[in-house]
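**Student:** Here it is, the structure in full.
The values are calculated or read from the model by the stated rules, or taken from the named source; none is laboratory data. Owing to the predicted nature of the structure, the values given are computational and were not obtained by experimental measurement. Every residue, glycine as well, gets a Cβ built from its backbone with ideal geometry; the counts of neighbours run over all protein chains shown.
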Amino acid sequence: MKKRVREAIVVEGRYDKNTLSQVVDAVIVETGGFGIFSDNEKLMLIKKLARARGVIIMTDPDSAGFLIRNHIKGALRDENIKQAYIPDMPGKERRKAAPSKEGLLGVEGAEPEVILNALRRAGATFEDENTDAAGGGITKADMYELGLTGGDKSRDKRRELAKALELPERISANGLLEVLNAIMTKEELIALLS
């Protein structure tokens with residue numbers, strides 16, 4: 001049975017939308033890939049959805065996915081946005097003859113449980129589950145204090161943490177902070193890093 005998600009979910013293309021629609025019952029909006037950069041009507045639709053019910057951005061873990069994700073986030077600014085990240089998984093989608101340039105599976109190639117876990121980590125509201133916030137209270141100062149920002153080795157430490165949490169390696173410090181606050185408390189983060 002498909003899980004019902006309150007928020008609208010934004011994905012890159014129709015194959016992502018097709019995969020996601022087999023896993024969840026939600027409003028799913030496809031950006032048309034880089035078409036979102038010139039489609040103001042689609043951005044206005046996403047903005048309206050964000051105000052009305054919240055939006056979850058779920059793009060591929062490659063550089064194109066992060067460009068699209070950042071464009072949408074920048075266009076929506078302070079709207080009700082959550083970020084769902086597909087972990088870095090080497091491979092190729094079944095319909096493609098060759099893997100992508102970066103060799104990673106995207107939303108289209110992710111297994112249902114991977115998609116559901118990404119949505120849970122983002123703080124999606126599943127209408128048939130208790131989805132109370134699992135964490136919060138982690139600040140940028142905490143990230144600095146824990147060596148996740150500000151030092152020469154912070155990038156490596158963030159990548160290790162991202163891998164342990166099944167997040168893409170290229171997740172930004174701010175993106176990681178957002179996910180951490182959605183899934184754990186400061187005390188749980190400290191214990192994880194110990």
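**Student:** With Ala124, Ala118, Ala50, Ala64 as the choices, which residue is in contact with an Asp or Glu (Cβ under 7 Å, 6 or more places away or on another chain) and not in a loop (DSSP other than H, G, I, E, B)? Lay out the reasoning, then the answer.
**Tutor:** Values: Ala124 fails: not in a loop (DSSP other than H, G, I, E, B); Ala118 fails: in contact with an Asp or Glu (Cβ under 7 Å, 6 or more places away or on another chain); Ala64 fails: in contact with an Asp or Glu (Cβ under 7 Å, 6 or more places away or on another chain).
Of the residues listed, the single one that is in contact with an Asp or Glu (Cβ under 7 Å, 6 or more places away or on another chain) and not in a loop (DSSP other than H, G, I, E, B) is Ala50.
**Student:** Next up: Does the range 85-93 include one or more residues that are free of Cβ contacts under 8 Å to residues at least 12 places away in the same chain, more than 16 Å from the chain's Cα centre (by Cα) and part of a loop (DSSP other than H, G, I, E, B)?
**Tutor:** Within the range 85-93, the first condition is being free of Cβ contacts under 8 Å to residues at least 12 places away in the same chain, and the residues that meet it are none.
Looking for residues that are free of Cβ contacts under 8 Å to residues at least 12 places away in the same chain, more than 16 Å from the chain's Cα centre (by Cα) and part of a loop (DSSP other than H, G, I, E, B), one finds none in the range 85-93, hence no.
**Student:** Name the residue, out of Ile56, Ile36, that is buried (at least 21 other Cβ atoms within 10 Å of the Cβ) and in contact (Cβ under 8 Å) with a residue 40 or more places away in the chain. If you could, list the steps in order and put the result at the bottom.
**Tutor:** Values: Ile36 fails: in contact (Cβ under 8 Å) with a residue 40 or more places away in the chain.
The conditions single out Ile56.
**Student:** Taking the range 120-136 as the search range and keeping residues that are over 10 Å from Arg4 (Cβ atoms) and among the polar types (S, T, N, Q), which one is modelled with the lowest pLDDT?
**Tutor:** Among those that are over 10 Å from Arg4 (Cβ atoms) and among the polar types (S, T, N, Q), it is Thr131.
**Student:** Same structure, new question: Which one of these is closer than 24 Å to Glu102 by Cα and outside any strand (DSSP E or B): Gly74, Gly35?
**Tutor:** Values: Gly74 fails: closer than 24 Å to Glu102 by Cα.
The match here is Gly35.
Yes/no per residue for (1) over 23 Å from Leu176 (Cα atoms); (2) among the aliphatic types (A, V, I, L, M):
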{"site": "Arg14", "(1), (2)": "yes, no"}
{"site": "Val24", "(1), (2)": "yes, yes"}
{"site": "Gly32", "(1), (2)": "yes, no"}
{"site": "Leu49", "(1), (2)": "yes, yes"}
{"site": "Pro61", "(1), (2)": "no, no"}
{"site": "Val107", "(1), (2)": "no, yes"}
{"site": "Ala110", "(1), (2)": "no, yes"}
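**Student:** Go through the range 50-100 and report how many residues are of a type in the set (A, V, I, L, M, F, W, C) and out of contact with any strand residue (DSSP E or B) (no Cβ under 9 Å at 6 or more places or on another chain). Before the answer, list the steps.
**Tutor:** From the range 50-100, those of a type in the set (A, V, I, L, M, F, W, C) are 50, 52, 55-58, 64, 66-68, 72, 75-76, 81, 84, 86, 89, 97-98; that's our starting set.
Those still in the list that are out of contact with any strand residue (DSSP E or B) (no Cβ under 9 Å at 6 or more places or on another chain) too: 64, 66-67, 75, 97-98.
Number of matching residues: 6.
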